1. Kindly evaluate LEU66 against the criterion of being modelled with pLDDT of 90 or more and not β-branched (Val, Ile, Thr).
2. Anything in segment 101-148 that is in contact (Cβ under 8 Å) with a residue 24 or more places away in the chain, part of a loop (DSSP other than H, G, I, E, B), touching a Phe, Trp or Tyr at 6+ places or on another chain (Cβ under 9 Å) and farther than 16 Å from THR207 by Cβ? List them, or say none.
3. Any residue at all in segment 167-185 that is of a type outside the set (D, E, K, R), at pLDDT below 85 and open to solvent by 70 Å² or more (accessible area, probe 1.4 Å)?
4. Looking at ILE126, ILE150, ILE117, ILE159, which one is at pLDDT 90 or above and more than 13 Å from the chain's Cα centre (by Cα)?
Amino acid sequence: MKKLSGKMNMLKKMSEDNIEKWSEELLVMIKSSLVKEADCVEGYVNHLRKLNPGILNEDLVSKILLRRSLKNGGIGAICGLCGFITLPITMPTNMYYTFKIQSLLVMSIAYIYGWNIKDEETATDILLVMGGNASLTALKDVGVKTGQAIAKKAVDKYITREVMKKVNKILTRKIITKAGEKSLISFTKLVPLVGAPIGGSIDFFGTYFVGRTAWKFYKG
């Protein structure tokens, strides 16, 4: 017990020391996805449309949402299988793949509803969606008020490029901190085998929530 407590304290210190670095890496990863993987996302969605002629946007989103959530849940279970030893020095593997899958999921949903996913401002969209309720707080911090919910039209109306930079910086830190609380300092994920089902469930429902938020965000 004392040994596990020591590991938890070390992880807490690690997350505090690296939160700025990880938040910068998160933004770089998302922007990289927009450049390198936008065509792949478009191809993936178009391929699914061909395989399912006449499919409604809602049904297509549901299909992709379930697949991505299951994939991330599986990765979360694997990363939680060996507990503490699976954490690398830089952004943890589980955290990185979670953000990667979620950003591609948001891009897919945006493309389904006809938005340009190659636009640089899509990075802010992804962060707003991934941030969930924290996004409303982040927007208020920079003087933007959109009510009790965030929609793409409201974001396009109120967020200028200058405001966008401030929002990105605040949101990346909030997202990293939130992820750290759930996965880095979680007692159960430090325990081999026990951490697998817990980690898998957290990542499955976390990704599912992000997908549902993106659905409302882009559907308008």
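The values are calculated or read from the model by the stated rules, or taken from the named source; none is laboratory data. The structure presented is a predicted model; accordingly, all values stated were derived computationally and were not measured. Virtual Cβ from ideal backbone geometry, glycine too; neighbours counted across all protein chains shown. What goes into the accessible areas is simple: the full protein's heavy atoms, side chains included, and nothing from ligands, DNA or RNA. Shrake-Rupley method; radii C 1.70, N 1.55, O 1.52, S 1.80 Å.
1. When the stated conditions are applied, LEU66 does not pass them.
2. Once the filter is applied, which keeps residues that are in contact (Cβ under 8 Å) with a residue 24 or more places away in the chain, part of a loop (DSSP other than H, G, I, E, B), touching a Phe, Trp or Tyr at 6+ places or on another chain (Cβ under 9 Å) and farther than 16 Å from THR207 by Cβ, segment 101-148 yields TYR113, TRP115, ILE117.
3. No, that holds for no residue.
4. ILE117
Let's see how each residue does on (1) in a helix (DSSP H, G or I); (2) surrounded by 15 or more Cβ atoms within 10 Å (Cβ to Cβ):
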{"site": "TRP22", "(1), (2)": "yes, yes"}
{"site": "GLU25", "(1), (2)": "yes, yes"}
{"site": "ILE30", "(1), (2)": "yes, yes"}
{"site": "GLU42", "(1), (2)": "yes, yes"}
{"site": "LEU48", "(1), (2)": "yes, yes"}
{"site": "PRO53", "(1), (2)": "no, no"}
{"site": "GLU58", "(1), (2)": "yes, no"}
{"site": "LEU66", "(1), (2)": "yes, no"}
